[in-house]
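Accompanying notes for the structure given below.
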Amino acid sequence: MSQPVYALNLFNVSNRDEYLAYSRRSAQEVSRHGGRVVALGKFREVAQGEIEPRSVLILVEWESKEAFDSYCSDPALADLHPHREDGTEAYIWHLFDKLEDLRPILKAED
């Protein structure tokens, strides 16, 4: 059985018009492919860490890795993804498995 995954998107907007062209349509397409935007954020400050700050955070929960892949590879969206690519810079897109708690991470290795 497939497990939900979170997609962490961190980026800077480099071309407002291009990113607007992406965002006008992306929410509907994300939903159609089994994703749900959980959080949107604007960078506030560095609390800790050495990663270069990005101005935008988007966290999307996907029904499964397959749902995420279907969004990325759907031929009907071939005209959509270039708007994201051309409208942003310093893009970080990481996938995380959804956990109910930290036991799988804290479990002692055999």
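The values are calculated or read from the model by the stated rules, or taken from the named source; none is laboratory data. In this text, all values refer to a predicted model and were calculated from it rather than measured experimentally. All Cβ positions, glycine included, derive from the backbone under ideal geometry; neighbour counts span all protein chains shown.
Odds and ends about this structure:
- For segment 66-110, the tally of residues that are over 15 Å from residue 8 (Cβ atoms) and in a loop (DSSP other than H, G, I, E, B) stands at 11.
- Failed criterion for residue 105 (all others in (1) surrounded by 13 or more Cβ atoms within 10 Å (Cβ to Cβ); (2) closer than 18 Å to residue 4 by Cα hold): (1)
- Evaluated against (1) part of a loop (DSSP other than H, G, I, E, B); (2) at pLDDT 95 or above, residue 50 falls short on exactly one condition, (2).
- Filtering segment 63-82 to residues that are within 15 Å of residue 18 (Cα to Cα) and acidic (Asp, Glu) leaves only 79.
- Residue count for segment 59-96 satisfying the condition of being more than 12 Å from residue 6 (Cα to Cα), surrounded by 12 or more Cβ atoms within 10 Å (Cβ to Cβ) and of a type in the set (Ser, Thr, Tyr): 4.
- The residue that is surrounded by the fewest Cβ atoms within 10 Å (Cβ to Cβ), among those in segment 1-10 that are out of contact with any helix residue (DSSP H, G or I) (no Cβ under 8 Å at 6 or more places or on another chain), among the hydrophobic types (A, V, I, L, M, F, W, C) and in contact (Cβ under 8 Å) with a residue 40 or more places away in the chain, is 8.
- Breaking point among (1) among the small types (Gly, Ala, Ser); (2) at positive phi; (3) touching a residue at least 24 places away in the same chain (Cβ under 8 Å), for residue 49: (3)
Here's the yes/no breakdown for (1) closer than 24 Å to residue 70 by Cβ; (2) among the charged types (D, E, K, R); (3) in contact with a Pro (Cβ under 8 Å, 6 or more places away or on another chain):
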| position | (1), (2), (3) |
| --- | --- |
| 19 | yes, no, no |
| 29 | yes, yes, no |
| 35 | yes, no, no |
| 42 | no, yes, no |
| 47 | no, no, no |
| 50 | no, yes, no |
| 57 | yes, no, no |
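- Taking the listed residues 56, 13, 37, 30, the one that is surrounded by 14 or more Cβ atoms within 10 Å (Cβ to Cβ) and touching a residue at least 60 places away in the same chain (Cβ under 8 Å) is 13, with no other qualifying.
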